[in-house]
Amino acid sequence: MPTTLPQSNLPGLQLIHRGKVRDVYALDDDRLLMVATDRLSAFDVVLPNPIPGKGEMLTQISNFWFDKTAHLLPNHLLDVPLADVLPPGTDLALYEKRAVVTRRLKPVPVEAIARGYLIGSGWKDYRATGSLCGIQLPAGLQQAQQLPAPIFTPSTKAAVGDHDENVSYDVVVNAVGKELADKVRDATLAIYQWAAAYAAERGIIIADTKFEFGTDANGTLYVMDEMLTPDSSRFWPAEEYRVGISPPSYDKQFVRDYLETQDWNKTAPGPVIPDEVIARTAAKYAEALQRLAGIQLS
Ligand SMILES: Nc1ncnc2c1ncn2[C@@H]1O[C@H](COP(=O)(O)OP(=O)(O)OP(=O)(O)O)[C@@H](O)[C@H]1O
Ligand SMILES: [Mg+2]
């Protein structure tokens, strides 16, 4: 059975960040403990009820991809047993599949997005300007169409409650310097291309995905945060893909459909989601894990 954990509770550890999904603790100057909870957000609002096991599935899918892509770029994971770092008396079963010990890195202040298909804010910007993040694209592309080649479309990490904004490559170069910007772009595209090919063989299109990177004290670049999860990526079942329409989101479709029926202004607090919708959403996360990583958690 998956465990359910809407919020971590680790007395004695220093909580440094509670995001929409992850709780992050500092173990020391060089290491973090990251706990993926079962919180679900929609339209950037954390909804009242958790998705049982979601955090476990997110962590397992990230760990799978970190391992698979380690030949392309080193990642933040450290091979430290959780039992060594959790406070005495912690229920290990609640944390073992959802928590990881990582290097504590200096974040590169950019959301590194790779897109293979024209959808979401990419489609919106293209329709308005014919380009995306300053990259001129061919005329006449349709919604959800595959791009001639994957592109790097960075965005700035917005403050809580704001939406991220697509920026041109020059903005990234100005922020972090050309050498680091080039490394981030090249790693983003290399990891995306490798993973997209892997997923395609398993009937899943990775339309786009977001990576985060960080550097250590020596300036070495690592990929960090989460990797190629349903929360950071658009996964489309290949069998439902059609050019010209927006394919349903892999995981949040049931929740979004339900929310559309509610009189809700998309600010906190969000409505309570019925059990049936929660169960179907959990099943989608489990399906992604199974189809991509071949892992069954329960
Ligand atoms: N190895 C790492 N070193 C330092 N910071 C990291 C590392 N890995 C991830 N992070 C940071 O930890 C946080 C993870 O929390 P989480 O993703 O839940 O919240 P968020 O990114 O602030 O908000 P959200 O993802 O909900 O928009 C992020 O701020 C991320 O940049
Ligand atoms: Mg995040």
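The values are calculated or read from the model by the stated rules, or taken from the named source; none is laboratory data. None of these values were measured; they are calculated from a predicted model. Each accessible area value is taken on the protein alone, full model and side chains, heavy atoms only, with ligands, DNA and RNA left out. Shrake-Rupley method; radii C 1.70, N 1.55, O 1.52, S 1.80 Å.
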Report relative contact order for region 1-83 in percent, whole number only (criteria: Cα-Cα under 8 Å, sequence separation at least 6).
25 percent
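Determine the alpha carbon to alpha carbon distance for each of Lys124/Lys284; Lys124/Lys183; Lys20/Lys266; Lys210/Lys284; Lys97/Lys266; Lys210/Lys252 and list only those over 22 Å. Kindly include the intermediate steps, with their values, before the conclusion.
Details: Lys124/Lys284 27 Å; Lys124/Lys183 27 Å; Lys20/Lys266 15 Å; Lys210/Lys284 20 Å; Lys97/Lys266 31 Å; Lys210/Lys252 17 Å.
In this structure, Lys124/Lys284; Lys124/Lys183; Lys97/Lys266 exceed 22 Å between Cα atoms.
Tell me what the chain gives for mean residue ellipticity at 222 nm when only DSSP H runs of n ≥ 4 count, each as -39,500 (n - 2.57), the sum divided by the residue total, rounded to 500 deg cm²/dmol. If you can, show how the numbers build up before the last one.
Details: 7 runs with 82 residues, N = 298.
Calculated mean residue ellipticity at 222 nm is -8500 deg cm²/dmol.
Could you calculate the contour length gain from Asp30 to Tyr241, that is, 0.36 nm times the residue separation minus the distance between their Cα atoms, to one decimal place in nm? Before the final figure, lay out each step's value.
Numbers: separation 211, 0.36 × 211 = 75.96 nm, distance 4.34 nm.
Gain in length upon complete extension: 71.6 nm.
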What are the ³J(HN,Hα) couplings of region 164-173, residue after residue, when phi is run through the Karplus curve with 6.51, -1.76, 1.60 and θ = phi - 60°? Round to Hz, x for glycine and proline.
5, 10, 5, 10, 7, 4, 4, 5, 5, 4
Carbon + sulfur, % of accessible area of region 107-208 - ligands and nucleic acids excluded, 1.4 Å:
52 percent
Listed residues Ala207, Ala181, Ala197; largest mean-square fluctuation, Gaussian network over the chain with Cα springs below 10 Å, found at Ala197
Over the chain, with a Gaussian network built from C-alpha contacts below 10 Å, which listed residue (Gln253, Gln60, Gln136) shows the highest mean-square fluctuation?
Gln136
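Rolling a 1.4 angstrom probe over the protein heavy atoms, how many square angstrom per residue are accessible across the chain? Spell out each step's value before the answer.
Numbers: 14000 Å² over 298 residues.
Accessible area per residue, the chain: 47 Å².
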Evaluate the relative contact order of the chain (contact order divided by residue number), counting alpha-carbon pairs under 8 angstrom at least 6 apart; express in whole percent.
21 percent
Normalise the Cα radius of gyration of region 176-233 by 2.2 N^0.38 Å (N = residues in it) and let me know the number.
1.24
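Just the number: Rg to Rh for region 107-252, Cα atoms, Kirkwood Rh, two decimals.
Working: Rg = 15.0 Å, Rh = 15.7 Å.
That ratio is 0.96, to two decimals.
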Between region 221-249 and region 130-200, what is the separation of their alpha carbon centroids in Å?
14 Å
Taking a quarter of the surface of the Cα convex hull of region 14-104, what do you get in nm²?
6.7 nm²
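For region 14-104, which whole-number percentage of the solvent-accessible area (1.4 Å probe, protein heavy atoms only) is attributable to carbon and sulfur atoms? Don't jump to the answer; show the numbers that get you there.
Numbers: 1860 of 3780 Å².
Ligands and nucleic acids excluded, carbon and sulfur give 49 percent.
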Interatomic Cα distance distribution for region 121-193, bins of 5 angstrom, percent
3, 15, 23, 23, 21, 12, 4, 0
Mind telling me which of Thr129, Thr261, Thr215 comes out most flexible in a GNM of the chain, alpha-carbon contacts under 10 Å?
Thr261
Tail beyond 34 Å, pair distance distribution of the chain (Cα, percent):
19 percent
